[in-house]
């Protein structure tokens, strides 16, 4: 019987909770986008996502790297048994968070017209003013969520994600159908969902209030060494996040700048297409979120050997959870967009495929990035993301005018490739991380799955878009059920791809004893009968050496 080390067990447990609720979150998100695409005018959808992109950029400076600093420094100091420094970190983060929250909200509210004028799109001004309040709310949400991660309360964070996704859908339905189907209604519902979820996070954090409120028995002078490290860290994280957000949002902003009167409709198509592409991180995101505090604690213990081992494990699981999804989304992009959102969104199919490939490439080195950040080598990450962001902006300027949203997606793909190359280079240089051969085999398996699914998509496309079954008369309830039923039909093709991938994983010997041990613990925790657990294990791990 293989015994799991503490870090592997924590990652597995955290991923289990995150993934369980991730399925629920994605289900709510599917229903949300289906209803938005059907009942809200495409231009209003574009205004909503355009304003969200702008306020997301402004929100970086409202954070000042505080969320990342909490997740990095609190576990780091706790790993060093320095409770006083952990207390000081939390005090500084909360104090600065309140101040910056108010400042960013005020700037957004009072300068909304001027910001809209820069892009020649006055329709977004009113939505920006609504999002000014959202900035304050999301700051509370982010800091509280970071504290829960620092204390390794992954389950509470996972539940919060499910609550927020449900409330976003609920408030959107209430506002859109009680008042009007507009960008403002979407913004208000979005804001309320985060406000109520932030209250839930504060309630979950209540058990730590006593510890956080204790006096650290330090003088004000002892805050200065922390601030000398904390503030540069925060500034570099802001720069890193700014560049990262530029990669995520610059395409939308530059689409708005270059396409003028067509911008809102094109941004709507692009936003829903790229949002669908992000489904490839549905399960892998849970691994990266819990990995950060774990690696920070290991760095605090100066255990680089364990850092390397844990990083290899995390990367392997990340690829297991993202490669087959990315291959399916890239291969079935056109029928997915048409069936879920309507024929007017199908022009985003190539953008979806390109963006899904870019996301997968970026995730091959996201573990390396997290370790570099945990080692306080933020300057390296800042440089890598900065080069990627600059490349993305230049490529957007060159590719958007002739190719529109497809040019924007290709620009993002190339930027992700550049950043991934740099991340791996510096990971090898600073902590000896070698990109494993198993990862290359995993990507090869993904390419084979993509080729097989692309052939299936080409053959089945005429039949998929004319699926004979339908539910109801087109009302909200039955219309949504109809879309979900057709989505379930499409997922049959994903199941085929997953089986091909599973076969290749066994043929290429990508699974190890540790993976089988983790599955045993997960299945046992779910309370499944021993016979069923043994059957599932034999079905997944064909390699007899793992049994």
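Read-outs throughout are calculated quantities, based only on the coordinates presented, and are distinct from any laboratory measurement. Model, not experiment: these values are computed from the prediction. For neighbour counting, all protein chains shown are included, and Cβ atoms are generated from backbone atoms with ideal geometry for every residue, glycine included.
At a Förster distance of 60 Å, what's the computed FRET efficiency of residue 303 paired with residue 530, Cβ-Cβ distance as r, to 0.05?
0.95
Given a Förster distance of 25 angstrom, what is the FRET efficiency for residue 491 paired with residue 542, based on the Cβ-Cβ distance and rounded to 0.05? About 0.60, to the nearest 0.05. Each residue in 38, 509, 206 was given a count of other beta-carbon atoms within 10 angstrom of its own, and listing them fewest first yields 206, 509, 38. Based on Cα contacts under 8 Å between residues 6+ apart, segment 262-469 shows a relative contact order of 27 percent. For a paramagnetic label modelled on residue 80 (point 7 Å from Cα along Cα→Cβ), amide N atoms under 20 Å away belong, within segment 357-389, to 370-380. In plain terms, the residue of 92, 371 with the fewest other Cβ atoms within 10 Å comes first and the most crowded comes last, giving 92, 371. Modelled this way, with points 7 Å down the Cα-to-C-beta line, the labels at residue 203 and residue 452 are 4.6 nm from one another. Distance between the pseudo-spin-label points of residue 43 and residue 180 (7 Å out from Cα toward the beta carbon): 1.2 nm. Per-residue Cβ neighbour counts within 10 Å put 376, 252, 538 in the sequence 538, 376, 252, beginning with the fewest.
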